[in-house]
Amino acid sequence: MDLLMWEQQECGAGLLRLEGTILPISRDSADIISTVEFNHTGELLATGDKGGRVVIFQREQESKNQPHRRGEYNVYSTFQSHEPEFDYLKSLEIEEKINKIRWLPQQNAAYFLLSTNDKTVKLWKVSERDKRPEGYNLKDEDGRLRDPSMITVLRVPVLRPMDLMVEATPRRVFANAHTYHINSISVNSDYETYMSADDLRINLWNFEITNQNIVDIKPANMEELTEVITAAEFHPHHCNTFVYSSSKGTIRLCDMRTAALCDRHAKFFEEPEDPSNRSFFSEIISSISDVKFSHNGRYIMTRDYLTVKVWDLNMENRPIETYQVHDYLRSKLCSLYENDCIFDKFECVWNGSDSVIMTGSYNNFFRMFDRNTKRDVTLEASRENSKPRAILKPRKVCVGGKRRKDEISVDSLDFSKKILHTAWHPSENIIAVAATNNLYIFQDKVN
């Protein structure tokens, strides 16, 4: 995939040409989207929200009238994944918000996904049912038990067609293994294990059995704590390798073949700090909020507050690429600290060929960077330009001086509108962007 696929050649003005669809998510605060994830084929798209619900969208089949255009995404299934709980030992309320969703590769007609809140990971099975059994001997059609003395004929139950029903059932509940809030889950390439990470520990789980602690950075004296784990992910091809990032802006690559407890890393990625740029906010803005392996497994992408960095697994001392997401906010760090926006955790994603990077920003802006051409673009997800088949126009932020007609001043940015969660279709130019409680889906323009 290449950003140039979306260039408006006949107009000559814009960099990208995207068509937009807005999916129906209500305006209640419990419906604020907290995670977005395509499955491995891209046919399904799952979102989790603050109210503990999971909504799955399914892509409609190709239209016979328009064979070149695939259908839009419509609601496939909605279910309550987590409920609010209370930890009586610690007198703490555990909120139901879904922190992460991860799909498992499809093995049969059913779909499986992992969802987690702060403490508990659940494995869900999503399956279809279009037949129902009828003609039981001991039960009537309403499910009530029949009087055995009234049964005079032996019947053979049969399956009758019914309206399609999608069922979501919990197959496993992985609980009581995290003292701190879970920030990441990642399915291993062996598809038998996955890991879950909180602030100080990473656990390895087997889908059938139990868990094992593989990283523990908790000091004996909590006053000596200097950093926390912020994100973790398995290598896409090597089941023994994983990375985790920290609040100090470092990344550790670990090999599970070396020891049962990976307290010693195999590689340590850190960029030397420029003393001239050091400020009160340096440590806060260097904290990594997301880490992702490229699909080919060669690179690691990290997102901190102001930048996206790409690291080569063979070079630990500095990133090979650094992209400025919203450098115009550097002068606003003081006010962003006061309103707590400086602690926002932005995610980042690769496209299917690892050639384009996408991440979110404020004012419902999201950014794309083409690694080959070094071109970048700022786009906006908003109701004003989300009419069906509407073409997105690139946006520009004016830092100072005279503002042009199509530019927006940095002082007029709305920091309550933020795009923290995005997803990219695994093989096509289709993206999902979560803007508070609205989900936008954009695809490249088909001529």
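From K122, K90, K97, grab the single residue that is of a type in the set (D, E, K, R), within 22 Å of A423 (Cβ to Cβ) and part of a loop (DSSP other than H, G, I, E, B).
Details: K122 fails: part of a loop (DSSP other than H, G, I, E, B); K90 fails: within 22 Å of A423 (Cβ to Cβ).
On inspection, the qualifying residue turns out to be K97.
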query = Can you name the residue in segment 77-114 that is of a type in the set (S, T, N, Q) and under 19 Å from E192 (Cβ atoms) and is also nearest to the chain's Cα centre (by Cα) among such residues?
reply = Q106
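Of all residues being of a type outside the set (A, V, I, L, M, F, W, C) and more than 21 Å from the chain's Cα centre (by Cα) in segment 193-212, which is most open to solvent (accessible area, probe 1.4 Å)? Just the residue, please.
Going residue by residue through segment 193-212, those that are of a type outside the set (A, V, I, L, M, F, W, C) are 193-194, 196, 198-199, 201, 203, 206, 208, 210-212.
Still in the list and also more than 21 Å from the chain's Cα centre (by Cα): 206, 208, 210-212.
Details: N206: 41, E208: 129, T210: 80, N211: 57, Q212: 83 Å².
Out of the qualifying residues, it is E208.
Can V158 be described as at pLDDT below 95 and either in contact with a Gly (Cβ under 7 Å, 6 or more places away or on another chain) or among the hydrophobic types (A, V, I, L, M, F, W, C) (or both)? Explain how you work it out, then say what you get.
Working: at pLDDT below 95: yes; either in contact with a Gly (Cβ under 7 Å, 6 or more places away or on another chain) or among the hydrophobic types (A, V, I, L, M, F, W, C) (or both): yes.
In short, yes.
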query = Could we say that F346 is aromatic (F, W, Y), surrounded by 15 or more Cβ atoms within 10 Å (Cβ to Cβ) and assigned to a loop (DSSP other than H, G, I, E, B) here?
reply = yes
note = Scanning segment 209-243 residue by residue, those free of Cβ contacts under 8 Å to residues at least 60 places away in the same chain, under 20 Å from T179 (Cα atoms) and part of a strand (DSSP E or B) turn out to be N211, Q212, N213, I214, V215, D216, I229, A232
request  = Inspect all residues belonging to segment 164-184 and state whether any of them is farther than 27 Å from G52 by Cβ, part of a strand (DSSP E or B) and open to solvent by 80 Å² or more (accessible area, probe 1.4 Å).
outcome  = no
query = Applying the selection to segment 289-318, what residues are assigned to a loop (DSSP other than H, G, I, E, B), of a type outside the set (A, V, I, L, M) and either open to solvent by 10 Å² or more (accessible area, probe 1.4 Å) or over 28 Å from S189 (Cβ atoms) (or both)?
reply = S289, H295, N296, R298, D304, Y305, N314, E316, N317, R318
note = Taking segment 364-423 and keeping only residues that are touching a helix residue (DSSP H, G or I) at 6+ places or on another chain (Cβ under 9 Å) and part of a strand (DSSP E or B), one is left with M368, F369, D370, D376, V377, I391, V397, C398, K418
message = Among (1) in contact with a Pro (Cβ under 7 Å, 6 or more places away or on another chain); (2) assigned to a strand (DSSP E or B); (3) of a type in the set (D, E, K, R), there is one condition R160 misses while meeting the rest; what is its number?
response = (1)
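The values are calculated or read from the model by the stated rules, or taken from the named source; none is laboratory data. Since the structure is predicted, the reported quantities are computational estimates derived from the model, not experimental observations. Note that each Cβ is placed from the backbone with ideal geometry, even for glycine, and that neighbours are counted across all protein chains shown. When the accessible area is computed, the model is the full protein with side chains, heavy atoms only, and any ligands, DNA or RNA have been set aside. Shrake-Rupley method; radii C 1.70, N 1.55, O 1.52, S 1.80 Å.
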